[in-house]
Amino acid sequence: MGKKFKSIRTEIIVYCFFSVILAMITDIVLGGLIYTVSSTLGKKQYDKVPVSPPPGRGVRFSRHGDDLGMSTGRLVRHLSRDTLVSFMLVTVIATICFFIIYFLLFIKRIVKDMTYISDRIIDIADGKSDEKIIIERQDEIGEIAIQVNRMSEKIDTLMRSERDVLQANKDMITCVAHDLRTPLTSVIGYLQLAADMEKFSEQERHKYAEIAMRKANRLQGLIEELFSYTKLMSGEITLHKSEIDIVKLVEQMVEEFYPQFCENNLEYELSQNVSSCIINADGELMARAVQNLISNAIKYGKDGKRVFVEVEKFEKEIQVRVTNFGLIIPKESLERIFERFYRVEDSRSMQTGGTGLGLNIARQIVVLHGGMIKVESDIDGTIFTIALPLEKAEKDKERLVNITE
């Protein structure tokens with residue numbers, strides 16, 4: 001019955017009305033039964049009293065019987081007057097009692113639903129929030145059930161998010177401990193060799209010092225990467241946008257990686273369909289994003305022997321693509337490649353090093369600039385693409401060029 005009501009107040013009013021009607025009907029029925037029983041018993045008692053026969057017939061009785069009948073009538077009238085108020089009071093009390101009984105029967109479903117919701121909230125507070133509240137009502141109780149279900153879903157989401165954060169922090173500590181310990185151990189070891197003047201010649205010690213320097217630089221890069229990631233995730237980084245030439249920036253990044261290309265026996269090629277393209281961006285951060293993509297291509301594209309870097313301008317955006325021809329990335333890994341600390345193969349990451357944050361940092365930087373980053377991997381190579389929107393600076397420059405011409 002409660003399913004038909006859209007307001008619990010209306011439902012309670014209806015229940016009160018029916019409870020009053022039923023209580024009155026019950027009083028009338030019980031009153032009638034009591035009256036019938038009383039009348040029957042009174043009639044039987046009256047029939048037992050002997051009646052005086054007509055004159056000249058039968059035996060004459062004394063006036064004791066007549067006196068008894070008159071006394072009984074007076075007693076009944078006397079009792080009726082004395083008990084009228086009490087009778088009305090009893091009737092009112094009986095009506096209230098019957099009303100309470102019927103009303104409690106009517107609201108039994110409401111109490112059951114409220115108890116169910118209360119128990120469910122206790123379960124949620126105890127962390128048992130897997131099941132939803134199922135109440136088919138359209139009134140305020142149904143709305144409470146809906147809101148409790150929503151609260152339960154949000155709590156589940158927050159708890160999963162908290163677990164993910166705790167796991168991510170655990171992974172970060174593990175990765176940081178491993179990735180910092182390895183180069184730090186190497187630095188200490190080579191410095192000890194370089195300091196051993198009796199066992200090694202000056203040339204050998206100089207060589208060990210250079211190796212220690214490279215390891216120290218790598219260690220510094222890892223620390224900077226961790227700091228960058230922390231700032232990006234905490235929102236502490238503020239973009240300092242200015243007009244930069246993205247084509248020139250990519251050219252500069254490729255030139256800076258020339259020693260790494262040579263060291264890893266990699267050929268590289270840079271191509272662009274425009275000689276210049278001005279965008280509004282944070283030059284330092286954008287350089288970091290491009291560096292991370294090129295560094296990733298060098299680390300994981302050694303087997304392919306070459307790396308392509310392309311800059312292509314379109315009507316509404318400019319794209320920077322970095323292609324390597326190393327091992328193909330599995331489809332299941334493509335969906336997670338930009339996640340923090342994710343590595344396609346742990347064995348390869350042991351050889352290549354890194355924290356597993358480079359691609360995640362690149363994505364965060366690109367997103368901050370209103371762009372997008374994606375990856376494709378097949379027999380034609382693994383292609384990382386950065387797409388940046390062309391903003392007002394480039395359009396203004398094009399208009400200026402047109403006016404000048």
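Observations on the model:
- Region 182-285: radius of gyration over Cα atoms, expressed as a fraction of 2.2 N^0.38 Å: 1.53
- Under 5 Å between amide hydrogens, built in the peptide plane, is the criterion, and for R306 it picks out E267, F325 among residues at least 5 positions away or on other chains.
- Solvent-accessible area, 1.4 Å probe, carbon plus sulfur percent, for region 298-342: 47 percent
- Listed pairs K170/K248; K215/K313; K154/K231; K199/K302; K241/K305; K132/K331 exceeding 29 Å between Cα atoms: K170/K248; K215/K313; K199/K302; K241/K305; K132/K331
- Take every DSSP beta bridge whose two residues both sit in region 205-341; close to 65 percent of them are antiparallel.
The values are calculated or read from the model by the stated rules, or taken from the named source; none is laboratory data. Note that the structure is predicted; figures quoted are calculated from it, not measured. These area figures cover heavy atoms from the full protein model, side chains too; ligands, DNA and RNA do not enter into them. Shrake-Rupley method; radii C 1.70, N 1.55, O 1.52, S 1.80 Å.
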